[in-house]
Amino acid sequence: MAALIDRLRDPSEKTLGLLLLAPAFLLLALIVVYPIGKLVFNSFFDLRLSGGGGAARFVGLENYALVLTDKDFWHATKNTVLITLITVPGALVVGLGLALLANLPFKKMGLPMWPVRLALLLPWALPLAFAGLIFAWFFHTEYGVVNDVARRFGADEPTMWLLRPGWAFAAICITIIWKTSSFMALILLAGLQMIPRSLYEAAEVDGASRWQQFWQITIPMLMPSIVVALIFRTITALQTFDIPYTMTKGGPGNATETLAMLIHKTTIEYLDVGYGSTMAVCMFVLSLAVTALYLKRIGQQA
Amino acid sequence: MKTRLLVLLAAGIVVANGFFPAAWILLTSLKTEAELVSKPITYWPANATLGNYVQAFTDQPLLRYLGNSAVVAAVSTVVSLVVAALAAYAIARLNLRRRQLILTCIVASSMFPLVTLLVPIFETMRTLGLLNTYTALVLPYTVLNLPVCTLVLVGFFQSIPKDLENAAMIDGCTRLGALVRVVVPLAAPGVFTAGILAFVNAWDEFLLALSLNASASMRTLPVGITLYQGEFTFPWPIISAALIVAIVPIAVLIALFQERVVGGLTQGGLKG
C-alpha cells in the first residue's frame, strides 16, 4: 500500500504520462470515437425515432443504395461543394487584401494598431448565426440597405435577394466570405510580419518593382500560411450550416440547402436516424480526404 | 503627407469592413418599428429609442439565454482547460514515445465534421434523457475545444525552461508539486489565451445548441435569437437590440485581450 502511494506521489514518466493523458482520451473516446462507431453502425439500419417505431431493422447496404439515387442528397452535395469552391478562394483573396492593408506601417506614423486589429477580430468572434441574421437584414427586399444602395445607383426594381435561388446563393456566399475572410487575414498577417525586411530592401536595390516584389517575395514567403489557412477553411466550408440556416433555411424550396442542413433536417426534425447516419457517413468520407491533407501538413511542420 | 493619407485610407477600409454590420445593427436597434418600415429607409434613427432593448428582454427570456450561454461556455472552458493542460504537459514535458502521434490524434478529432457527430450524440443524449440540459452541451463543447487548448498550451509549456522545474524537484518538490507550483503559474498567460479562444468557440456554437437544447428555457443566445418569433413578422428592431446585447460581452472580451487572442489564433488556434 505504501509503495502504491509512493508511486502515485512520484510516478515514473510513463505512468504519469498515462495519468495525464487519460482524461483527454476518455473524453475523445466518449464524444468522438464512440459516436463515429455508432454512426457507421446505424447507417446499416432502418432506424426511426418518430411515432414510437423505435425498433431498428437491419437493412444492410439499402440506405447506401438509396443515397446514391437520392436527388436531394446530390443537390445538397452540389451546393456544399459549390459554396466551398466559391467561398474558400473568395475569402483568401479578400483576406489577403485585408492583411496587406493591415500590414502597413501604422505604428511608425503614430497611429494606434488596436482599431485595425479589433476590426479583424470582430468578424471572427461574431457567431456565424448572427452574421447570417445581420446579412439577411442587409439583403431584405423591402428595407435592406443593399437594395437601398442599388436604388440610389439607379436600380428600378428591388432585387428579391433571399427569395430567388441564384440571388440567395450569392447572398449566402457573400456573407460567408465576409465572415471568414478576417480569420484568413489574421493568419496571413502573422505570416506577412515574419517576412524579413531585408528581402524587400535587396529587391529594391536590384530595381524590382512593387508588383514584382509582391509576386517574387511576398507570395512565395507567405505560401505556408496560405496553405494552412486554405485547408482549414475548406474543412469548415464543407460543414456550412449556420449561415444558410439563418438566412434562408435552405430556401427558396431547397435551393440553398447544404449537406449539413439536409442531415440535420433528416435526423433532428424527421428523426430518421438510420438514413441520416448514412448521409453523414458519406459526408464524413468527403471531409476525410481534406482532413488527411491537413494532418499531413501539420506532421511536416512538427 | 500623401503616404500618411493612403495609410489612413487603408486603416479606414479595414475598420469599416470589420465594424459595418455591428454598426448597422446598432442603428437599427435604436429605430422604432414605424421608422423601420418607412420608405425610403433611413440611415440615422430619426427618433432614437431604447424601447427595443426593453422589449428584447421582456418579449422573450433573453436574460435566460444570456445565462445559458454564460454557464455552458464558462463550464466547458474550465473543464477543457484542465483536461488540455494535463495532456499538454505530458506531451510537452514527459519523455514519451510517439508524442507527435498523440498530439495529432487530439488535433485530428476537431477536424471531423460536427454534423456527423451530431447524429449519434443526439441519439445518445436522447436515450440518456439529457436533451435540454447543460450537460448535453458542456460535454461536446469541452471536446470541441480540446484541440485548440492543447495546441496553445503545448507551445507555452515548451517555452518554459525545464531547469526551473528541475530546480524545484531538487529542492524537494514532487513532479506534480513542481507542475502545480512552478509550471502552472508560468503558463498562466497561455492558459488565459487558450481560455478566451475556448470561450468564444463555445459562445458561438450553433448546430449542437440548436439540435440538443431547443426547448425555450434551455436555448443559448444564437439559438434563442434565431428562433425569436414575432407575432406576425420577424421583429427586426428587437432582434437587433438582442443581437447587440449578445455581441457586447464577446466584443469587450476580445477588445481587452486582443493581442493574446491574435497570438493564440495564429499560433495554434485554427477556427474558421
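The values are calculated or read from the model by the stated rules, or taken from the named source; none is laboratory data. Predicted, not measured: the structure shown is a model, and the values here were computed from it. We place every Cβ from the backbone using ideal geometry, glycine too, and count neighbours over all the protein chains shown.
Restricting attention to the stretch A:49-61, does a residue exist that is over 15 Å from A:Ala280 (Cβ atoms), in a helix (DSSP H, G or I) and within 14 Å of another protein chain (Cβ to nearest Cβ)?
Yes, there is a match, as at least one residue in the stretch A:49-61 is over 15 Å from A:Ala280 (Cβ atoms), in a helix (DSSP H, G or I) and within 14 Å of another protein chain (Cβ to nearest Cβ).
Out of the stretch A:144-153, which residues are buried (at least 18 other Cβ atoms within 10 Å of the Cβ) and within 7 Å of chain B (Cβ to nearest Cβ)?
First, pick out the residues of the stretch A:144-153 that are buried (at least 18 other Cβ atoms within 10 Å of the Cβ): A:144, A:146-148.
The answer is A:Asp148, and nothing else.
Restricting to the stretch B:49-63, give me the number of residues that are within 11 Å of B:Ser240 (Cα to Cα) and exposed (fewer than 15 other Cβ atoms within 10 Å of the Cβ).
0
Answer yes if at least one residue in the stretch A:155-165 is of a type in the set (D, E, K, R), part of a helix (DSSP H, G or I) and over 20 Å from the mean Cα position of the chain (by Cα), and no otherwise.
No, the stretch A:155-165 contains no residue that is of a type in the set (D, E, K, R), part of a helix (DSSP H, G or I) and over 20 Å from the mean Cα position of the chain (by Cα).
Here are B:Ile238, B:Ile196: which of them is assigned to a helix (DSSP H, G or I), more than 18 Å from the chain's Cα centre (by Cα) and of a type in the set (A, V, I, L, M)?
Working: B:Ile196 fails: more than 18 Å from the chain's Cα centre (by Cα).
So the residue among B:Ile238, B:Ile196 that is assigned to a helix (DSSP H, G or I), more than 18 Å from the chain's Cα centre (by Cα) and of a type in the set (A, V, I, L, M) is B:Ile238.
What number of residues within the stretch B:31-58 satisfy the criterion of being free of Cβ contacts under 8 Å to residues at least 24 places away in the same chain and in a loop (DSSP other than H, G, I, E, B)?
Qualifying residue count for the region: 14.
Residue under question is A:Ile172, and the condition is that it be among the β-branched types (Val, Ile, Thr), at the interface with chain B (Cβ under 9 Å from one of its Cβ atoms), in contact with a Pro (Cβ under 9 Å, 6 or more places away or on another chain) and within 25 Å of B:Ile225 (Cα to Cα); does it hold? Give the steps one after another, and end with the answer.
On the way: among the β-branched types (Val, Ile, Thr): yes; at the interface with chain B (Cβ under 9 Å from one of its Cβ atoms): no; in contact with a Pro (Cβ under 9 Å, 6 or more places away or on another chain): yes; within 25 Å of B:Ile225 (Cα to Cα): yes.
Taking the combined requirement at face value, the residue does not satisfy it.
Tell me the residue from A:Ile172, A:Ile219 that is at pLDDT 90 or above, out of contact with any His (no Cβ under 9 Å at 6 or more places or on another chain) and surrounded by 19 or more Cβ atoms within 10 Å (Cβ to Cβ), please.
Working: A:Ile219 fails: surrounded by 19 or more Cβ atoms within 10 Å (Cβ to Cβ).
Exactly one of A:Ile172, A:Ile219 is at pLDDT 90 or above, out of contact with any His (no Cβ under 9 Å at 6 or more places or on another chain) and surrounded by 19 or more Cβ atoms within 10 Å (Cβ to Cβ), namely A:Ile172.
Let's see how each residue does on (1) acidic (Asp, Glu); (2) in a helix (DSSP H, G or I); (3) facing chain B (nearest Cβ under 10 Å); (4) within 21 Å of B:Pro222 (Cα to Cα):
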{"site": "A:Leu230", "(1), (2), (3), (4)": "no, yes, no, no"}
{"site": "A:Ile243", "(1), (2), (3), (4)": "no, yes, yes, yes"}
{"site": "A:Ile268", "(1), (2), (3), (4)": "no, yes, yes, yes"}
{"site": "A:Met279", "(1), (2), (3), (4)": "no, yes, yes, no"}
{"site": "A:Leu288", "(1), (2), (3), (4)": "no, yes, yes, no"}
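Out of curiosity, is A:Ala76 within 11 Å of another protein chain (Cβ to nearest Cβ) and modelled with pLDDT of 90 or more? Full working, then the answer.
Numbers: within 11 Å of another protein chain (Cβ to nearest Cβ): no; modelled with pLDDT of 90 or more: yes.
The answer is no for A:Ala76.
Please pick out the residue among A:Ser209, A:Ser225 that is at pLDDT below 90, hydroxyl-bearing (Ser, Thr, Tyr) and in contact with a helix residue (DSSP H, G or I) (Cβ under 6 Å, 6 or more places away or on another chain). Outline the logic, then answer.
On the way: A:Ser209 fails: in contact with a helix residue (DSSP H, G or I) (Cβ under 6 Å, 6 or more places away or on another chain).
Going through A:Ser209, A:Ser225 in turn, just one is at pLDDT below 90, hydroxyl-bearing (Ser, Thr, Tyr) and in contact with a helix residue (DSSP H, G or I) (Cβ under 6 Å, 6 or more places away or on another chain): A:Ser225.
Which residues, counting only those in the stretch B:228-245, are buried (at least 19 other Cβ atoms within 10 Å of the Cβ), more than 10 Å from every other protein chain (Cβ to nearest Cβ) and at pLDDT below 85?
B:Pro235
For (1) under 25 Å from B:Ile225 (Cβ atoms); (2) of a type in the set (Asp, Glu); (3) buried (at least 18 other Cβ atoms within 10 Å of the Cβ); (4) more than 10 Å from chain A (Cβ to nearest Cβ), each residue gets a yes or a no:
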position: B:Lys2; (1), (2), (3), (4): no, no, no, yes
position: B:Val7; (1), (2), (3), (4): no, no, no, no
position: B:Phe19; (1), (2), (3), (4): yes, no, no, no
position: B:Ile25; (1), (2), (3), (4): yes, no, yes, no
position: B:Ser29; (1), (2), (3), (4): yes, no, yes, yes
position: B:Thr32; (1), (2), (3), (4): yes, no, no, yes
position: B:Pro45; (1), (2), (3), (4): yes, no, no, yes
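Counting only residues that are more than 7 Å from every other protein chain (Cβ to nearest Cβ) and in a loop (DSSP other than H, G, I, E, B), which one in the stretch A:130-143 is nearest to the chain's Cα centre (by Cα)?
Once the filter is applied, the top-ranked residue is A:Phe139.
Starting from residues that are surrounded by fewer than 18 Cβ atoms within 10 Å (Cβ to Cβ) and under 26 Å from the mean Cα position of the chain (by Cα), keep the ones in the stretch B:76-103 and report whichever is modelled with the highest pLDDT.
B:Val78
For B:Ala251, indicate whether it is at pLDDT 80 or above, surrounded by fewer than 23 Cβ atoms within 10 Å (Cβ to Cβ), assigned to a helix (DSSP H, G or I) and within 9 Å of chain A (Cβ to nearest Cβ). Spell out how you get there, then give the answer.
Details: at pLDDT 80 or above: yes; surrounded by fewer than 23 Cβ atoms within 10 Å (Cβ to Cβ): yes; assigned to a helix (DSSP H, G or I): yes; within 9 Å of chain A (Cβ to nearest Cβ): yes.
Answer is yes for this residue.
Could you check how many residues of the stretch A:91-129 are small (Gly, Ala, Ser), assigned to a helix (DSSP H, G or I) and more than 7 Å from chain B (Cβ to nearest Cβ)? Lay out the reasoning, then the answer.
Let us first name the residues in the stretch A:91-129 that are small (Gly, Ala, Ser), namely A:91, A:95, A:97, A:99, A:102, A:110, A:119, A:125, A:129.
Imposing the further condition that a residue be assigned to a helix (DSSP H, G or I) reduces the set to A:91, A:95, A:97, A:99, A:102, A:119, A:125, A:129.
If we keep only those that are more than 7 Å from chain B (Cβ to nearest Cβ) too, we end up with A:91, A:95, A:97, A:99.
Residues flagged as small (Gly, Ala, Ser), assigned to a helix (DSSP H, G or I) and more than 7 Å from chain B (Cβ to nearest Cβ) within the stretch A:91-129 amount to 4.
Name the one entry in B:Asn145, B:Asn132 that is surrounded by 21 or more Cβ atoms within 10 Å (Cβ to Cβ) and not hydrophobic (A, V, I, L, M, F, W, C).
Numbers: B:Asn132 fails: surrounded by 21 or more Cβ atoms within 10 Å (Cβ to Cβ).
When all the criteria are applied, what remains is B:Asn145.
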